[in-house]
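The values are calculated or read from the model by the stated rules, or taken from the named source; none is laboratory data. On a predicted model such as this, the values are computed, not experimentally measured, just so you know. Reconstructed Cβ throughout: ideal geometry from the backbone, glycine too, with neighbour counts over all protein chains shown.
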Ligand code: SAH
């Protein structure tokens with residue numbers, strides 16, 4: 001529940017407004033039961049426990065990278081499903097990468113999360129719990145969030161927006177929209193819907209190819225929304241929100257990493273002020289696609305920057321702990 005919803009529910013139960021505020025603050029601290037809300041009278045705690053349920057993710061596995069401190073947790077959900085969350089430690093603060101669905105139905109050719117299809121959407125409470133419990137378990141502040149874990153956030157639109165409202169609340173986790181990034185494979189209708197909300201978050205679009213021919217090979221969503229339509233949606237997004245879209249581009253050996261692809265990307269993005277995040281493909285054994293060679297990555301980056309498109313190669317964190325892209329959940333499923 002959002003704070004106003006909780007206030008309304010408490011009012012309907014003839015409870016004073018400050019009780020709703022108290023409970024909301026406890027929820028932001030990740031308590032697992034009403035019993036722990038020690039500044040509420042005992043009979044009220046019992047009444048609330050009868051009436052409401054609390055979401056509490058249970059850690060199944062946790063791995064911490066010896067290389068860079070990146071921590072990944074596989075959580076059990078109340079119905080026995082599981083999702084994973086990653087905590088990345090940067091100099092400028094801690095970022096939590098959360099999942100938005102159990103599995104994914106977008107079918108990208110290089111991605112581990114989509115292999116078993118989509119099982120279900122995550123609720124807003126489950127996403128919020130990923131953030132809060134990851135912070136608690138690492139005993140550290142959460143400074144930023146990226147919606148780049150398992151799932152397609154815009155395919156779970158309403159729950160994701162509700163989650164953003166919750167996590168942004170000053171009386172709760174209090175994470176500013178400017179510290180939140182949402183990544184999408186490019187669902188154009190939902191990009192427009194998101195733009196209309198004027199949130200100050202960063203929208204990242206997983207482009208992975210500048211042209212329909214290559215993109216269609218990697219991403220089935222391209223059959224629904226082609227590259228031209230996607231670029232147009234990104235421009236509308238910028239016009240409506242004043243926030244530039246950034247692009248993600250995973251370099252796949254001999255598929256999307258040729259000089260032609262780099263030049264085509266320059267042709268499409270030059271002058272838009274958009275930033276490109278390059279990442280060498282993370283190898284997923286089921287997928288048969290290979291990461292680009294290091295020198296190809298360098299050559300590709302140079303063509304972009306020489307052409308006036310800013311690009312950075314993303315540093316890989318947690319490569320020793322299967323930190324990327326649904327690999328931990330996939331690993332657990334393989335064992336079954
Ligand atoms: N569904 C959303 C967000 C989740 S994926 C999206 O598509 O953007 C987060 C990012 O990881 C996306 O850019 C996705 O394309 C990328 N990704 C998935 N599998 C990958 C892999 N094996 N190597 C590198 N990047 C990958």
Output yes when any residue across the stretch 319-326 is away from the ligand (no atom under 14 Å from the Cβ) and modelled with pLDDT of 95 or more, and no when none is.
no
So is residue 281 closer than 22 Å to residue 69 by Cα and modelled with pLDDT under 80 or not?
no
Go through (1) more than 16 Å from the ligand (Cβ to nearest atom); (2) farther than 16 Å from residue 179 by Cβ; (3) touching a helix residue (DSSP H, G or I) at 6+ places or on another chain (Cβ under 8 Å) and name the single condition residue 159 misses.
(1)
Leading residue by the ranking (farthest from residue 252 (Cα to Cα)) among those in the stretch 297-308 that are away from the ligand (no atom under 15 Å from the Cβ) and surrounded by 13 or more Cβ atoms within 10 Å (Cβ to Cβ):
307
Candidates 263, 267, 236, 243 - the one that is within 25 Å of residue 305 (Cα to Cα), away from the ligand (no atom under 15 Å from the Cβ) and part of a loop (DSSP other than H, G, I, E, B):
243
Looking at the stretch 133-156, which of its residues are more than 26 Å from residue 5 (Cα to Cα) and within 16 Å of the ligand (Cβ to nearest atom)?
148, 149, 150, 151, 152
Just to be sure before I move on: is residue 108 over 15 Å from the mean Cα position of the chain (by Cα) and either surrounded by 16 or more Cβ atoms within 10 Å (Cβ to Cβ) or in contact (Cβ under 8 Å) with a residue 24 or more places away in the chain (or both) in the structure I sent?
yes
